[in-house]
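Here the structure comes first, spelled out in structure tokens, and everything after it is commentary.
The values are calculated or read from the model by the stated rules, or taken from the named source; none is laboratory data. Keep in mind it's a predicted model, so treat the numbers as computed, not measured. In this analysis, Cβ positions are derived from the backbone assuming ideal geometry, glycine residues included, and neighbour counts consider all displayed protein chains.
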Amino acid sequence: MVKRLYNQALLTVPDSLKGRAPPLNVLVVDYSSIYGTDCPAVDTLLLQEDLGRLLAWEDLQQFLGRLRRDGTAIFYSLRTLRRAALGPGAEEAEDKAECEYQRDVEVAILGMQGKSRDSEAEAAALKKLAESLGRSFAETGALATACVMSLVLPAPSGLPDGLPKVHPSEPAGTDKDLLAQLAKQLETNGEMLEMMLKKRADQILAINKIEALALSASPFVKRTGGVRYLGAAAKTLQVLYDADVLSEEAVIAWGQQKQAALSLDPDMDARFFEKAKPFISWLEEASSSEEESDEE
């Protein structure tokens, strides 16, 4: 009987899918119908982040409860692992820590403005900052990108005294002016960002932070000025692409990842992605044309 119930559970679609069928390549395992019986435990669990971030702490505990005593759980996100191990307060603490680190990076970026520039030394200084606070260099590069973009917006509140006065008192009147100011900032800061974002994965993370800035999401929750980049999302990515901060491969890969995430969670905020689509499509078409030319 236990075996029959176990097999039945493998074919059960959870109510949480709200009537939506799971993707064909995803095996949905719902142990709720046999919870408490002597069903086989699991040797290894892999929790993808697109699912893990949707689970409550209680769900994560039940998820881990299916392991054998000497089993292995693999988390693809340190954030979700911390939440599973430390409880619901861990996410709030992580958000606070990220906001504080974002401010540290921003102060460092501002301190580099208005003086003789050495991109290699600046990237090294930011790497040292990351290491001193236990943060990744990839995250630092992503936050630095958003910070450079913020230089053309009014200054956020709470900045320490003594920093160069770079921010305008008022935002640019038009998207064209805003992007022209961003391009000018990239003339002096672009090389540093390029050194920090050498890998495609690093650039994808940077686009995620750009999206967060445009949507006033963590760690930019109170930075409403970033919404100026929302309507100009496609042109913004193009300016960063033209400055060699972002590569064609990274922008296309980000778009594919975002599309996949939205298919799993229709409630996810898709505004930045929708606005960025024209540029992503243009890159995809250009890449396809190049491949066809090479084949000929």
- Item | So Met268, is it in a loop (DSSP other than H, G, I, E, B) and either surrounded by fewer than 19 Cβ atoms within 10 Å (Cβ to Cβ) or touching a strand residue (DSSP E or B) at 6+ places or on another chain (Cβ under 9 Å) (or both) | yes
- Search the range 133-146 for residues that are of a type in the set (Ser, Thr, Tyr) and pair each with any residue that is buried (at least 24 other Cβ atoms within 10 Å of the Cβ) and not in a helix (DSSP H, G or I) when their beta-carbon atoms are under 9 Å apart and the residues are at least 6 apart or on different chains. Thr145/Leu197; Thr145/Val245; Thr145/Leu246
- Query: Are any residues in the range 71-124 surrounded by 13 or more Cβ atoms within 10 Å (Cβ to Cβ) and of a type in the set (Val, Ile, Thr), and if so, which ones?
  - Reply: Thr80, Val105, Val107, Ile109
- Does Gly255 meet the test of being free of Cβ contacts under 8 Å to residues at least 60 places away in the same chain, surrounded by fewer than 23 Cβ atoms within 10 Å (Cβ to Cβ), touching a helix residue (DSSP H, G or I) at 6+ places or on another chain (Cβ under 6 Å) and of a type outside the set (A, V, I, L, M, F, W, C)? yes
- Task: Looking for whichever is of a type in the set (A, V, I, L, M), surrounded by fewer than 15 Cβ atoms within 10 Å (Cβ to Cβ) and over 22 Å from the mean Cα position of the chain (by Cα) here; the options are Leu133, Leu163, Leu159. Which one fits?
- Result: Leu159
- If you take just the helices (runs of 4 or more DSSP H) that sit entirely in the range 4-99, which of them hold at least 2 residues that are modelled with pLDDT of 70 or more and more than 24 Å from Asp267 (Cβ to Cβ)? 57-65, 78-86
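Yes/no per residue for (1) touching a strand residue (DSSP E or B) at 6+ places or on another chain (Cβ under 8 Å); (2) closer than 13 Å to Ser150 by Cβ; (3) crowded, with 23+ Cβ neighbours inside 10 Å:
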position: His167; (1), (2), (3): no, yes, no
position: Glu170; (1), (2), (3): no, no, no
position: Gly173; (1), (2), (3): no, no, no
position: Gln181; (1), (2), (3): no, yes, no
position: Lys184; (1), (2), (3): no, no, no
position: Met192; (1), (2), (3): no, no, yes
position: Leu197; (1), (2), (3): no, no, yes
position: Ile207; (1), (2), (3): no, no, yes
position: Leu213; (1), (2), (3): no, yes, yes
- Task: Could you tell me whether Leu153 is touching a residue at least 24 places away in the same chain (Cβ under 8 Å), within 19 Å of Gly226 (Cα to Cα) and either among the hydrophobic types (A, V, I, L, M, F, W, C) or in contact with a Gly (Cβ under 7 Å, 6 or more places away or on another chain) (or both)?
- Result: yes
- Item | For Lys198: the one exception among (1) touching a residue at least 40 places away in the same chain (Cβ under 8 Å); (2) closer than 16 Å to Val251 by Cα | (1)
